[in-house]
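Structure first, then comments.
What follows draws every value from the coordinates through simple rules; no lab data is involved. Note that the coordinates shown come from a computational prediction; the quantities given were computed from them, not determined experimentally. Please note: Cβ atoms are built from the backbone with ideal geometry, for glycine as well, and neighbour counts cover all protein chains shown.
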Amino acid sequence: MAETELIQVRVRGRGAIPHFFHSLEEWQEKEALLGAEPEELEFSYVAGPYGELFKAMGIDAHTLPLWFEQVRGLKQPQRAALFFRRYTQGDSFVTALQEMGEVRILGGDPGDVMEELHLESGALDQVPEPFVRYIDWERMANDWMRERRLEIFRFEGILWVVFNQTEDE
C-alpha cells in the first residue's frame, strides 16, 4: 500500500483517550492492552486513502480484521461495488463483501458508460457505422435510470454507474 493508514480507537466510558494504529498487528497489541469488550470500542479513520469507505462500512472490532485482510487490497471498481452494496443497498459489511462481485459497475459519465457497455457487448455490430454516431447515449442513460436499470452514485470522486439488469437484456 503506497499510503499509510492511521486508525483511531476509543473505549467508550473510559475518558475517551484515543489510541492509534496502522496495521492489524499493531491493533492486536493495543487490543490486548486495552482489555475492553469489543462492543465498547469505537473506530475512526484518521488518515489514509480509504476514509470514505471505512466510514461507510461501519468497521467495528469484529470486522476490523476483514478490513485489513480483504478490503485494503481491493482495486477501485471493487471498492466502489463494496460501497454500493453496503451504503446504497444497505447490506451488512460481511454480506456486501461477499456480494460485491455480483455488481456490474463502470466508472464515468453515464452516457459514455452506456456507449462502452454496448460496444463491449457487441450490440452495435448490427448498427451500420454511419448511424452509430447519432445514438443519444445520455438520453438512453436517463431513460434507463428512470426504469431503474441504472443507478448512479459518487464514490472516491468518481461517478459510478451500476447496471441492474441481466446479461441477456
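Using only alpha carbon pairs under 8 Å that are at least six residues apart, calculate the relative contact order of the chain and give it in whole percent.
Taking the mean separation of contacting Cα pairs over the length of the chain, I get 17 percent.
Report, in whole Å, the centroid distance computed from the Cα atoms of the stretch 76-101 and the stretch 1-61.
Going from one Cα centre to the other spans 21 Å.
Rounded to two decimals, what is the ratio between the C-alpha radius of gyration of the chain and 2.2 N^0.38 Å?
1.34
With loop defined by DSSP as not H, G, I, E or B, and exposure as at most 13 other Cβ atoms within 10 Å, which is the longest segment of the chain clear of exposed trypsin sites (Lys or Arg not before Pro)?
15-74
When the C-alpha atoms of the stretch 17-82 are aligned to their principal axes, what extent does each axis show, in angstrom, from largest down?
37, 20, 19
May I ask you to derive the relative contact order of the stretch 32-103, considering only C-alpha pairs under 8 Å and at least 6 residues apart, and to give it as an integer percent?
26 percent
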